[in-house]
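Working notes for the structure below.
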Amino acid sequence: MRHDVRAWAKWLAVWWLWMPLLAALIWVVKHAVFGGFGQQDQSYRLLLERTFFPHGGPVDAAPLFWFWLAVGLCGTVGAVVYGMDEPGLEFNGPWARVTVAVLLLAVAGSLVRAGTGVWDDDKDAGRFYAAATVLDVPSGGAGTPRSVLPVTEHTRPGDGGRCDLVGTADVPACVKNAPMPDFDFEARTASYAAATKALTDSAGLSSGVHLMGHSLHYLPDAKDTQGTQSAKDAQAAQAARGGVWTAVLDGSGEQPMEGVAVWDGRSNSVVSCAFRGDHAFGRAFGGTGAVSLRNLLAERFPDLVYSEQDIWGYCDGPDPRTAEPVVVISVARQTAFKQRTVVAPAGVLVLRGSKDGRPDMTYRPQVAPGELPGAVYPASVVRSQIREVQWLGGRGAKDDRGFGFSHTSAATNATNPGEFLLRSKADGHLYYVTPLVPRESSSQLVVAFAVLQADRVGDGLNDLHVYVRADDAPPVNLDVLASRMVSYMAQQTSITISAGPGGALQELIPFGRDMWRGFVDFNGQTQDYIDLSGDATVTPNLVSLTGPITPPGGQPQPAQPQPQPSGQPAAGCGGDPNQLTTSQLASCVAELSKALQGRVHD
């Protein structure tokens, strides 16, 4: 009888412990065999938290844990029933029946907990991100935009401060009756595609070094906020400098990181600040073994995660050639929320070099505006916040009415549809700006703008403001805007350009009030840009960038006459008329006629 009991207990233990023992064995293999590879330990631990124990234990465990528990209990019920029928075990009577009943109730409870967890899993993610989302609508009542009716139809009065209306669905919704303020964003002077081409072709002096494509980052030039310059001098200096594009020059294999490449967006000159001398850096994101920076980061900061698009760099100094290279990682943390995990911003990692080549890594959980020149809030988290806007009206509005917003699929913005990092002239802060279209619709009309402050991180989620456009607002379709820009350029320059991937017109960026800028690239270089209003009421502004453009491997080309903004006098009217374009001649004639009429009147 004792032998039968021991065999029964052994098989019951195997039934319960095979999965935990297998998980422990996998961890031992990862930790012992792949010792020193921090990514192995970090990824496995985060996986276990995400799939089984978001809170570190069985309290509010993930649905998969409850399924595993239900299966284990079912096996235990079978073992108990077997023991009741097996004479040698002598396990029968009232206590056996009570045990079976309790086990069956536990099975039912586990399945219920697993089912509710699965049902609410995606909704809980919506609840987490929606708590930091504000829908800004220009008016209420009959004037409420149709794109937000699934939310505003079921609301109650709010506090009148942050929220004028609060949604009644089981996902919190905050509605503010206010139009989009005039941020008056500073426009860029080059496209994402041109920056990628310029930095990829002209950066990196060592073999094994490559440009991290996802680290391409636009840094709007910082305003003088310390009062050391007058407002006029600060504006003049800023106009002279402008923003720059940067990218990390990463190593591979045993080749460490080289530095940070910088392009001003207006010339063919790419400069870089290098990790050398007192700022040596012996690691690389693409390195292997002892050169792997990813393993080092995972070992030093096992709770912090990041995406490729959240890595960027800059040169800390006035002259990039002698400045100190700095790499910044906007990091996040896998956080428990109800029966699942979510990703929330957790500050930044600032990486610098040292004399002995060991990375000087500083973790800053909080960053105030102006402390770093670029975005400190992870763009990957912004994407998640925008995606989860679809939950603001509850499951019914999301599933049955298709509520929500998506990035535009316009051909011109195929490679860079949103999260444009722009600086507001109104307050000097950096913002992620994303034009949005209806989520489940063939329409490509821009019905909203997602705006989130990007130069501050440290106290949880930053508020995502979704500024909804009124139904009677001038329609904005990026494909239509691109067509208008192409048509205008053909009229002004007699040059026909194409739009979309591989074309000359590469990208449309919003700035100012209802203004858009399109970039015209030739041979991977932005040579012109054109500004156009969404309602086509403002005269287009066509500008050719100054300075000769040197194609890769070619020779400097003679500077071409620069088209002037329409409606302004052409420069060089006293020069050779044969060197002027048709539009410049027309502007000169108009100015001469105006001056002649003034003299006759006098």
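A few comments on the model shown:
- Cα-Cα pairs of region 7-133 separated by more than 19 Å (percent): 63 percent
- Distance in nm between pseudo-label sites at Ser269 and Ala414 (7 Å out along the Cβ direction from Cα): 3.5 nm
- Listed residues Thr539, Thr341 arranged by accessible area, highest first, probe 1.4 Å: Thr539, Thr341
- At most 11 other Cβ within 10 Å, DSSP loop - trypsin sites (Lys or Arg not before Pro), region 284-361: Arg321, Lys355
- Between region 246-270 and region 330-396, the alpha-carbon center distance in angstrom: 23 Å
- Here's how it looks for Lys425: its modeled amide H is under 5 Å from those of Phe185, Glu186, which are all 5 or more places away or on a different chain.
- From phi via Karplus (6.51, -1.76, 1.60), per-residue ³J(HN,Hα) for region 356-373 in Hz, x at Gly/Pro: 8, x, 6, x, 8, 10, 10, 9, 10, x, 10, 9, 8, x, x, 6, 10, x
- When the listed pairs Lys123/Lys425; Lys176/Lys425; Lys123/Lys176 are checked against a 28 Å cut-off, the alpha-carbon distance exceeds it for Lys123/Lys425.
- For region 251-408, the fraction of C-alpha pairs more than 19 angstrom apart is 63%.
- Accessible area of region 350-441 belonging to carbon and sulfur atoms, whole % at 1.4 Å probe: 42 percent
- For region 470-531, the solvent-accessible area of protein heavy atoms averages 41 Å² per residue (probe radius 1.4 Å; ligands and nucleic acids excluded).
- Normalised per residue, the volume of the convex hull around the Cα set of region 406-529 (Å³): 137 Å³
- Under-5 Å amide H pairs with Leu464, H placed in peptide plane, nonlocal only: Thr133, Val134
- 3J(HN,Hα) along region 452-463, derived from phi through the Karplus expression 6.51 cos²θ - 1.76 cosθ + 1.60 where θ = phi - 60°, amounts to 9, 5, 9, 9, 9, 7, x, 10, x, 6, 6, 5 Hz, with x in place of Gly and Pro.
- ³J(HN,Hα), Karplus 6.51/-1.76/1.60, whole Hz, each residue of region 24-30, x for Gly, Pro: 5, 5, 4, 5, 4, 4, 5
- Whole-number accessible area per residue in Å² for region 309-362, which is evaluated in the context of all protein chains at 1.4 Å: 38 Å²
The values are calculated or read from the model by the stated rules, or taken from the named source; none is laboratory data. These numbers were taken from a predicted model, which means no experiment stands behind them. Note that we place each Cβ from the backbone using ideal geometry, even for glycine, and neighbour counts take in every protein chain shown. SASA here: full protein model, heavy atoms, side chains in, ligands and nucleic acids out. Shrake-Rupley method; radii C 1.70, N 1.55, O 1.52, S 1.80 Å.
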